[in-house]
């Protein structure tokens, strides 16, 4: 944003500063001067301004910052100047009504009569030209000058073109547009309006887009003799919404979108009126039509003096703190360690204590901050879900999966198969960018499928991805988010140059679930057959926690859904982190056993559809206390195994903390477990005769 040095200097006590010195000091206090064009008082500075500082997007605002940075007094030579007025009251010449007080808190208007439209003065034209604007006419140039002078956008209407209300006065109405209304703006474009747009209307029709641009048919022209000057305060989101809807961006909308000063409306009118009367003659009607629909009060922000050194790591004298705050236009009352700082309405960026500390350190100097490492900090609050999410990332990465971060926005078609597992009805985006961004995903698996397809289409068939993210739905008319961890496997596992590897299957997915539960310290989950339409029957399961809660799902994607993604039998899983409850941390340490245990294997041939839970229950039923663990080691189907059957090798671990176990008793316990497995029916155990 451009600023003229001569203009800035009018707000500084003393002679205009050197451009190089002003550039250095403004940059040091946070206003980066990217370049200087010209020399001396006529130099133009290109300043980078952040969006939260609309108060500095004008010469007076930046001049105040320059005064503090240079250690000079700030002055405003026009402060308190009036406007020569005639006898006719302004309120008898125009009326103002605000129908949307939440969108327009204040609307002020002045009426000028008997003017002759002429060019603006050379001084005004020179200033605007330095900022890249060509001259139009004295009334229009005056409104532009005020915008760049104090940051208050104005608009000038030809009063005689405004339709009159029932009382015979030209009317101004701040309202929403009505369906079917149209407006030709100053750029000559006809805009179709809707109730989503805030407009300035006369008694019959819209005459301006509020805070964005005026209308062509009420603009100032060579024949204009009476002018109504507008100065208002609009709700930033309302202006932003209208400007974006029409793809417009103006100097006025740029400031209104970020927040203007509601206390500057009348001052802006007075400054513009003085310029217009000086260039065009005429008379200002007596008074201002000033309608305040909603009073915007200045904020009071508490600042603890003890917090300043604690936050900065260095002491700042109280006198220096108060001097900086005062020079920036803030006032403070002290109550012991507390300062109650009154923030002017122009400073929309100052809301918190740290904002005030930043104001102090900016002008003390960032270079004076001590170079010291921060003290160790041990947070007193831990978000358990976040901790669980971070731990899940570590565990999955340790299992060899690669983390992916995918969009939450998906297409309705991509989301549709997974709607049965969404936390409610589909969450649709009201203003989507277009396909495929119309819907918030029901599960992070959708994003993983996108990533897998991208890789497979490029020849990388072996994929192992995970994502810790969100699922979305609508319940009771409100959006609902779920904290999930999802994974996808495709192709082969255990790929190495020395071995071909083997295709991933359901057990790889269920193994990941078990590893996560074990790694997070949660009791083991149960797997029950799933009836989800997007998963392959017989190769999928619901995950049920030890407390009986729904913990998620795992399985091979159905062939119909998989083919739609150009994938072959991908294994997917989605776990609810909020349902995964880790057991309390142990308060004692259990030493490893002194006496060795004994491991024995049982290989069982059983039907493919028999649940693992049946095998586990049979082994544990009537087992001695010395049976410590039962795990599955191998699974085989193919040559030598009947069709629809599979061989599963179970590993049984026996042990005792009190004595060594004999081989005879371990073998007897093994054989007893084998007989219980045979009792399930349609099973065989290698090495154990039936009957």
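Taken together, the values in this text are just the output of simple stated rules run on the coordinates, not laboratory data. Quick caveat: nothing in here was measured; it's all calculated off a predicted structure. Positions of Cβ are generated from backbone atoms using ideal geometry, with glycine treated the same way; all protein chains shown enter the neighbour counts.
Please report, largest first and rounded to whole Å, the three semi-axes of the ellipsoid equivalent to region 190-243, where each semi-axis is the square root of five times an eigenvalue of the C-alpha gyration tensor. Mind showing how you got there, number by number?
Details: eigenvalues 95, 35, 18 Å².
The answer is 22, 13, 10 Å, longest axis first.
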Check: Label points 7 Å out from Cα along the Cβ direction at residue 644 and residue 435: separation in nm?
Finding: 4.3
Next item on the list: Quick one: divide the alpha-carbon radius of gyration of region 179-302 by 2.2 N^0.38 Å and tell me what you get.
Entry: 1.16
Check: What Kirkwood hydrodynamic radius, in Å, does region 534-691 give when the mean of 1/r is taken over all pairs of distinct Cα atoms and then inverted?
Finding: 18.7
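Report, for the chain, the % of DSSP beta bridges that are antiparallel, rounded to 5.
Values: 116 of 124 bridges.
That works out to approximately 95 percent antiparallel.
For the chain, what does the helix formula give at 222 nm: sum of -39500 (n - 2.57) over DSSP H segments with n ≥ 4, over the residue count, nearest 500 deg cm²/dmol?
Numbers: 18 runs with 185 residues, N = 691.
Rounded to the nearest 500, the figure is -8000 deg cm²/dmol.
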Item checked: Length-normalised contact order for region 445-503 - Cα pairs under 8 Å, 6+ apart - percent -> 31
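Under the Kirkwood approximation for Rh and a Cα-based Rg, what ratio Rg/Rh is obtained for region 21-131?
Working: Rg = 19.3 Å, Rh = 18.1 Å.
So for region 21-131, dividing Rg by the Kirkwood Rh gives 1.07.
Per Stokes-Einstein, at 25 °C and 0.890 mPa s, what whole-number D in µm² s⁻¹ belongs to region 85-292, with the Kirkwood radius over Cα pairs as the hydrodynamic radius? Walk me through the numbers before you get to the answer.
Values: Rh = 16.8 Å.
The estimated diffusion coefficient comes to 146 µm²/s.
If you take the Cα atoms of region 556-635, find Rg, then find the Kirkwood Rh from the mean of 1/r over all pairs, what is Rg/Rh? Provide the component values of the computation, followed by the final result.
Values: Rg = 19.6 Å, Rh = 17.9 Å.
Over the Cα atoms of region 556-635, Rg/Rh equals 1.10.
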Item checked: Expected-Rg normalisation [2.2 N^0.38 Å, Cα atoms] applied to region 299-366 -> 0.99
Margin query: Binning at 5 angstrom from zero up to the longest distance, how are the C-alpha pair distances of region 390-539 distributed in percent?
Written below: 2, 9, 15, 19, 21, 17, 10, 5, 2, 1, 0, 0
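What is the order of 451, 598, 116, 498, fewest Cβ neighbours within 10 Å to most?
498, 116, 451, 598
May I ask you to work out the translational diffusion coefficient for region 69-145 at 4 °C, viscosity 1.567 mPa s, via Stokes-Einstein with Rh from the Kirkwood sum over Cα pairs, reported in whole µm²/s? Display every interim value, and only then the final one.
Details: Rh = 16.3 Å.
My calculation gives 79 µm²/s for D.
Taking each pair of different alpha-carbon atoms in the chain once, compute 1/r for the pair, average those values, and report the inverse of that mean as the Kirkwood hydrodynamic radius in Å to one decimal. Each step should come with its number before you reach the end.
Working: mean 1/r = 0.0311 Å⁻¹.
Result for the chain stands at 32.1 Å.
Mind ranking 651-657, 136-142 by how tightly packed they are, going by the mean number of other C-beta atoms within 10 angstrom, highest first?
Details: 651-657: 16.1, 136-142: 23.3.
Packing proxy ranking, top to bottom: 136-142, 651-657.
Run through every distinct alpha carbon pair of region 211-365 and return the Kirkwood hydrodynamic radius in angstroms, one decimal place. Walk me through the numbers on the way to the answer.
Numbers: mean 1/r = 0.0528 Å⁻¹.
In region 211-365 this quantity evaluates to 18.9 Å.
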Check: For region 598-685, with equal point scatterers placed on the C-alpha atoms only and solvent neglected, what are the log10 I(q)/I(0) values from the Debye formula at q = 0.11, 0.12 1/Å, to two decimals?
Finding: -0.30, -0.36
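From the P(r) of region 515-610, can you give the percent of Cα pairs sitting at distances over 17 Å? List each step's numbers first, then the result.
Numbers: 3003 of 4560 pairs.
Here the tail beyond 17 Å accounts for 66 percent of pairs.
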Margin query: Show log10 I(q)/I(0) for region 2-70 at q = 0.18, 0.21, 0.23, 0.28 Å⁻¹, two decimals, from a solvent-free Debye sum over equal Cα scatterers.
Written below: -0.56, -0.78, -0.96, -1.51
Notebook entry, point to check: What nm distance separates the two modelled labels at residue 386 and residue 564, each placed 7 Å from Cα along Cα→Cβ?
Noted result: 3.6
Checklist line | Additional length obtainable on full extension of the chain from residue 481 to residue 546, 0.36 nm per residue less Cα span | finding: 21.1 nm
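For region 447-601, compute Rh as the Kirkwood radius over C-alpha pairs and then the Stokes-Einstein diffusion coefficient at 25 °C and 0.890 mPa s; write the answer in µm²/s, rounded to an integer. Don't jump to the answer; show the numbers that get you there.
Details: Rh = 17.5 Å.
So the translational diffusion coefficient is about 140 µm²/s.
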Item checked: Residues of region 335-351 with amide N under 19 Å of a point placed 7 Å along Cα→Cβ from residue 318 -> 335-342
Next item on the list: Based on other C-beta atoms within 10 Å, arrange 164, 295 from fewest to most.
Entry: 295, 164
